[in-house]
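Everything below concerns the one structure shown next.
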Amino acid sequence: MLYLTEPGHLGELFPDEPRYRTDQLTEWLYAHPVLDADAMTNLPLSMREMIRSEHWPFTLDIEQSADKGLTKKWLFRCTDGSPIETVLMGYATRTTLCVSSQVGCAMGCTFCATGQFGFDRHLDAGEIVAQVAYASAYLAETPLPRSPERVTNVVFMGMGEPLANYGNTIESIRRMTDMMGISARSITVSTVGFVPGMRRLIEEPWPVSLAVSLHSTIPEERSKLVPINDRYPITAVIEAAKDYYETKGRRVSLEWTLIAGENDSDEEAIGLARIARQIHAHVNVIPLNPTPLSSDSPPSNDNIRRFIGTLKREGANVTLRDTRGQDIDAACGQLRLRTEG
Ligand code: SAH
Ligand code: SF4
């Protein structure tokens, strides 16, 4: 399988071809990805045929488009039938790809469609990278309106907890930065607060951006929304985020999915602003995208404004994240939820 194979071992898939063929293939896979093996024009026909029939990483199951063509959502199927969700979002100065790192997720956050599914398996580094390759190949043929014609940013905010699939996440980042021309600073790893993974990430050489999904500052409340809080309590999460900032010099962002009646009080806003000030973090507020398996809903527009207002008054640096592709279920795990009931 092409992307599942270590780039240095690609030759083993084609033992009868000379070495320079695998160098050419590596170019096609990582530097100039294509949607169809036929486009690998400098490879012999027999090799292209074999790539297409035996080694293609996954198939496209569903493609959806929203926000006047600025958002694309894909549901891929791995060779074992596992679903992978990937979302591409165009902006004026960047084209951002949201990738999945696992099939499902074991963390069980109550508001999250992926969490409601439970955990199936880790994605291999190659299956993470293949999402980037697909998007790059797609953009080369069909750029999004008024946005860069290549993937400039990658965020690990699709299905799964990337730091619970540490080795594969790191290997995928290595290939993106070393082989696909994506700068480490433009890659964001989003974590629910998986402390051992955060600690290991501090030791890695790349200045990747870190986003920490906080959702509540009150321990009992956070444990309700984010059960893993019982194992890695918020104090340890904040400590690790602070160390990340101090070691890497990269500002951490705190993600806050805003849910009516759960985490939208003044008390939460004041607590969140205090933490953000303490660790020089930026706050991203994301109004809940409701999922069918939970009765939670986003706050009213007035309450969202009030929450943001309190954060600002308390000195936090805050952005209200746009809810891209809501009409195509672009939040974490939702397209899969619809196709599989
Ligand atoms: N497991 C990682 C990354 C994937 S989730 C993490 O939790 O950070 C990426 C982001 O989507 C997280 O901040 C998560 O809280 C948010 N999210 C999940 N379900 C959501 C929903 N239904 N509405 C809005 N945001 C959601
Ligand atoms: Fe997993 Fe992140 Fe969803 Fe929580 S929010 S269940 S950690 S994917």
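So here's what we get for this one:
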item: So Glu239, is it acidic (Asp, Glu) and within 14 Å of ligand 1 (Cβ to nearest atom); result: no
item: Residue identified as surrounded by fewer than 17 Cβ atoms within 10 Å (Cβ to Cβ) and touching a Pro at 6+ places or on another chain (Cβ under 8 Å) among Pro219, Pro227; result: Pro219
item: So Val212, is it within 14 Å of ligand 1 (Cβ to nearest atom), buried (at least 22 other Cβ atoms within 10 Å of the Cβ) and farther than 18 Å from Ala276 by Cβ; result: no
item: Answer from Thr26, Thr5 - the residue that is in a helix (DSSP H, G or I) and under 27 Å from Val103 (Cα atoms); result: Thr26
item: Count - residues of the stretch 158-194 that are open to solvent by 20 Å² or more (accessible area, probe 1.4 Å) and within 20 Å of Ile234 (Cα to Cα); result: 2
item: Residue list for the stretch 179-196, restricted to those being of a type outside the set (A, V, I, L, M, F, W, C), within 15 Å of the chain's Cα centre (by Cα) and away from ligand 2 (no atom under 13 Å from the Cβ); result: Arg185, Ser186, Thr188
item: Residues that are over 22 Å from Ala106 (Cα atoms), open to solvent by 10 Å² or more (accessible area, probe 1.4 Å) and in a helix (DSSP H, G or I), drawn from the stretch 127-152; result: Tyr134, Ser136, Tyr138, Ala140, Glu141
item: Close pairs from the stretch 217-245: first over 20 Å from Cys105 (Cα atoms) and free of Cβ contacts under 8 Å to residues at least 40 places away in the same chain, partner assigned to a helix (DSSP H, G or I) and within 14 Å of ligand 2 (Cβ to nearest atom), Cβ under 8 Å, at least 6 apart; result: Pro219/Asn229
item: Members of the stretch 48-58 found to be over 12 Å from Leu35 (Cα atoms), open to solvent by 40 Å² or more (accessible area, probe 1.4 Å) and not aliphatic (A, V, I, L, M), listed by number; result: Glu49, Ser53, Glu54
item: Residue among Val155, Val103 that alone is free of Cβ contacts under 8 Å to residues at least 60 places away in the same chain, open to solvent by 20 Å² or more (accessible area, probe 1.4 Å) and within 13 Å of ligand 2 (Cβ to nearest atom); result: Val155
item: Number of positions in the stretch 59-97 that are part of a strand (DSSP E or B) and open to solvent by less than 20 Å² (accessible area, probe 1.4 Å); result: 17
item: Close pairs (6 angstrom Cβ cut-off, 6 or more residues apart or separate chains): touching a residue at least 60 places away in the same chain (Cβ under 8 Å) and farther than 13 Å from Val212 by Cα in the stretch 268-294, part of a helix (DSSP H, G or I) and open to solvent by less than 20 Å² (accessible area, probe 1.4 Å) anywhere; result: Thr291/Ala113
item: Single residue of Lys68, Lys72 found to be over 18 Å from the mean Cα position of the chain (by Cα) and in contact (Cβ under 8 Å) with a residue 40 or more places away in the chain; result: Lys68
item: Residue under evaluation Gln116, criteria (1) assigned to a strand (DSSP E or B); (2) over 22 Å from Thr188 (Cα atoms); (3) in contact (Cβ under 8 Å) with a residue 24 or more places away in the chain, criterion not met; result: (1)
item: Some residue of the stretch 109-116 being open to solvent by less than 40 Å² (accessible area, probe 1.4 Å) and at pLDDT 95 or above; result: yes
item: Qualifying residues in the stretch 254-301 (those that are closer than 18 Å to Thr319 by Cβ and small (Gly, Ala, Ser)) - the one surrounded by the most Cβ atoms within 10 Å (Cβ to Cβ); result: Ala269
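The values are calculated or read from the model by the stated rules, or taken from the named source; none is laboratory data. Computed from a prediction, not measured in an experiment: that's the story for all the values here. Every residue, glycine among them, receives a Cβ derived from its backbone with ideal geometry; neighbour counts consider all protein chains shown. To get the accessible areas, we keep the full protein, side chains included, count just its heavy atoms, and leave off ligands, DNA and RNA. Shrake-Rupley method; radii C 1.70, N 1.55, O 1.52, S 1.80 Å.
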